[in-house]
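A.B. asks: Pasting a structure here, questions to come.
The values are calculated or read from the model by the stated rules, or taken from the named source; none is laboratory data. Bear in mind the structure is a predicted one, so any value in this text is a computation, not a measurement. Don't worry about glycine lacking a Cβ; one is built from the backbone with ideal geometry, like all the others, and counts go over all protein chains shown. These accessible areas exclude ligands, DNA and RNA; they are computed on the full protein's heavy atoms, side chains included. Shrake-Rupley method; radii C 1.70, N 1.55, O 1.52, S 1.80 Å.
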Amino acid sequence: KTQALLAHAASLLSPQLPSAAMHGSVCLRATRAVRSAGSTSLGAGSSSRAGVTLKPGVRPLSFGRSLSSSAAASSSASSPLSSSSSAASSSSLWPLDLDLGRFPPIQCSIGYGSGVFRQLGFCEAKRPMVDLIFVVRSSEVADWHAENLKLHKDHYSGFMRSLGPGAIAQVQSWGPGLYYNPNVQLATNYGGFLEAKYGVISEDALLQDLRSWDSMYVAGRMHKPCIVDFYGSDASLHDTIRAAADTNRQSALAAALLECMWKVPEERPVDLFSLLSALAQLSYGGDVRVGIAENPNKVSNIVRAQAAELCEIYVPIASELGVAIDRSATDSVLDSLAFWLSELWQHSSALEERTVLFDRGAAGREQLFRHLPEALQGRLEAASKGRGKPPWEDPELFQSTLGAIVRRSSLVQSTKGVLTAGPACGARYLLEKVRKRLS
């Protein structure tokens, strides 16, 4: 019943999409990367894309396109995705059809940000830079950069090129474990180019952040809608990433509910806009770029434009945590999901009209705390000794701890950008951020 309702919701929001057997309306896909047989791609139109059946309990990572079920991930049947202008205008998803066959082999790609999912505050006629992350084998990071230097040496700053792939891999390992090449032109499948910024991360660094929030850099970006494409034949790794991403989002919802519990007076109900804003805010609190090179309305712009996607992701997780949305209006959250997802699509103001119901007492707070990453729980419990109250009753400790994690990782990554992008490209990227901040 749940799957049928989610599929119906998808058809209401994006009628162009195929409504065959689906696990929700998703953008989590598997792709066979066969470079010798032609290019692989991120987005629509790749004949090498294969359908994959999601395991029960494994949540879709993103929203807006469908994934056909298939018994074998190695099937050569394509899973076509809508890339027409009419489809793009009916959702917050920009068309994404990059040719990634020009890169060394990757395990998966992650598309995120305003160049993939639309946000308010941007000119509809000009697409923002596309943000991507490539996940590569942990044992092959230096080799990957060595090959990529041969294929795309112009993507790297002159300084880093001179140091070679070993040094590039070393710099990548600092902080959040990402190496970014910004302001590059990536080819599409239709002969065009998109301006993009792509980061490279090892599978171990990705999984560590998703599970423990060591840096909340990639984990925070995956709290929000994103597109994840899998490549190659390592089904075990793909399942591991799916499970880690699912756990990451459950932790994010628990953290956001705690934030709402502390910020909203007990006599006042928590509305859906407040909850989704708290979710989107998690990875921005403490970010050194906020207030300087980020739009101060960024969180609101994300939530208003991507409300339906966020609800499609988090309403099922909320149900698992014993949280109800408009429980008074229906016996089941999922019974009304198809209706109010379509309503949210047309009227984002409906967010304030939806009430989030959950246990706001001491027992409820502790239960939510136990859904946070274990490493973070341990850090908070150790820091709470001598403060006279448990960490789930200490909003100041919780917020300062998360803020410190985000601040450190954003500072390290921003500092790395001076080396990896080079002075000219780095200045161009910063000026673009400042321009968006002031517009």
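A.B. asks: Surrounded by 23 or more Cβ atoms within 10 Å (Cβ to Cβ), touching a residue at least 12 places away in the same chain (Cβ under 8 Å) and of a type in the set (Val, Ile, Thr) - does that describe any residue in segment 247-264?
C.D. replies: No, segment 247-264 contains no residue that is surrounded by 23 or more Cβ atoms within 10 Å (Cβ to Cβ), touching a residue at least 12 places away in the same chain (Cβ under 8 Å) and of a type in the set (Val, Ile, Thr).
A.B. asks: Let me ask another. What are the pairs, 6+ residues apart or on separate chains, where a residue within segment 374-398 that is closer than 16 Å to residue 282 by Cβ has its Cβ under 6 Å from a residue that is assigned to a loop (DSSP other than H, G, I, E, B) and modelled with pLDDT of 95 or more?
C.D. replies: If the second residue must be assigned to a loop (DSSP other than H, G, I, E, B) and modelled with pLDDT of 95 or more, the pairs left are 376/213.
A.B. asks: Right, something else. In the set 195, 147, which member is of a type outside the set (S, T, N, Q), open to solvent by 30 Å² or more (accessible area, probe 1.4 Å), in contact with a strand residue (DSSP E or B) (Cβ under 8 Å, 6 or more places away or on another chain) and touching a residue at least 40 places away in the same chain (Cβ under 8 Å)?
C.D. replies: 195
A.B. asks: List pairs: first in segment 409-436 and of a type outside the set (S, T, N, Q) and open to solvent by less than 80 Å² (accessible area, probe 1.4 Å), second at pLDDT below 85 and not in a helix (DSSP H, G or I), Cβ under 6 Å, 6+ apart or cross-chain?
C.D. replies: 433/293; 434/293; 436/295
A.B. asks: Among the residues of segment 299-316, what is the count of those that are within 16 Å of the chain's Cα centre (by Cα), over 14 Å from residue 274 (Cα atoms) and surrounded by fewer than 22 Cβ atoms within 10 Å (Cβ to Cβ)?
C.D. replies: 1
A.B. asks: List, please: which pairs have Cβ atoms under 9 Å, are six or more places apart or on different chains, and start with a residue in segment 289-306 that is over 12 Å from residue 119 (Cβ atoms) and hydrophobic (A, V, I, L, M, F, W, C) and end with one that is modelled with pLDDT of 85 or more and assigned to a loop (DSSP other than H, G, I, E, B)?
C.D. replies: Taking only residues 6 or more apart or on different chains, the pairs are 290/284.
A.B. asks: If you go through segment 360-373 one residue at a time, do you hit one that is over 28 Å from residue 267 (Cβ atoms) and either among the aliphatic types (A, V, I, L, M) or open to solvent by 50 Å² or more (accessible area, probe 1.4 Å) (or both)?
C.D. replies: Scanning segment 360-373, I find no residue that is over 28 Å from residue 267 (Cβ atoms) and either among the aliphatic types (A, V, I, L, M) or open to solvent by 50 Å² or more (accessible area, probe 1.4 Å) (or both), so the answer is no.
A.B. asks: Let me ask another. Taking the conditions exactly as written (surrounded by 15 or more Cβ atoms within 10 Å (Cβ to Cβ), among the hydroxyl-bearing types (Ser, Thr, Tyr) and touching an Asp or Glu at 6+ places or on another chain (Cβ under 7 Å)), does residue 112 satisfy them or not?
C.D. replies: So residue 112 fits the description; yes.
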